[in-house]
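This report refers to the structure that appears directly beneath it.
What follows is calculated from the coordinates using simple rules that are stated; it is not laboratory data. Here the structure is a predicted model, which means the values were calculated and not measured. Here Cβ is always computed from backbone atoms with ideal geometry, including for glycine, and neighbour counts include all displayed protein chains.
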């Protein structure tokens, strides 16, 4: 498949929001983008690029959350946002409830997210949830059978 930005890279798989993709023996699903309450109830078809500085595709909407919640048999769920609670030094909880809703309904074997660039491992809705650091700081190596991981710093 072709990534949203165009072009292709070897072994790169584009994962549309709420659509399962089989890759390397795993079923993956994703929910990319940030949670924007003013956009959340709009249809996904409203998410488009208006200008280089105003790209509404960077948000997810309730329609995409519901599509994720309807999925089953997912091994790895990828999201940009963190589930709740996700405390940060100056923020009581930076996590987003729709991610918890997806985890509770989908029950993937593993959840991985980015956004805050902090390595964390927690259990949310009975699912192991791992927060990633910047790729320039560390990366994870996973056991292909158990999905256990090892964090390697750069």
Of the beta bridges DSSP finds with both residues in the chain, what % are antiparallel, to the nearest 5?
55
Once label points are set 7 Å from the Cα along Cα→Cβ at both residue 36 and residue 136, what is their separation, rounded to one decimal in nm?
2.6
Selected from 115, 24, 35 as most flexible by GNM, with the chain as the system and alpha-carbon contacts under 10 Å
24
Any idea how far the Cα center of the range 65-133 sits from the one of the range 25-49, in Å?
14
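Please give the peptides 73-79, 85-91 ranked by average Cβ packing (other Cβ atoms within 10 Å per residue), highest first, as a rough proxy for protection.
Most protected by this proxy first, the peptides run 73-79, 85-91.
Among 28, 147, what is the fewest-to-most ranking by other Cβ atoms within 10 Å?
Numbers: 28 20, 147 16.
Exposure proxy ranking, most exposed first: 147, 28.
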With Rg from the Cα atoms and Rh as the Kirkwood inverse mean 1/r over Cα pairs, the range 21-153 has an Rg/Rh of 0.97
Extension gain, residue 75 back to residue 97 (0.36 nm per residue minus Cα-Cα distance, nm):
5.8 nm
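Most exposed first by the Cβ proxy, i.e. fewest other Cβ within 10 Å, how do 45, 138 rank? Before the final figure, lay out the partial values.
Details: 45 8, 138 13.
Fewest-to-most ranking of 45, 138: 45, 138.
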Percentage relative contact order, the chain, counting C-alpha pairs under 8 Å, at least six apart:
15
Theoretical gain in end-to-end length, residue 62 to residue 50 [0.36 nm per residue, Cα-Cα removed]
2.3 nm
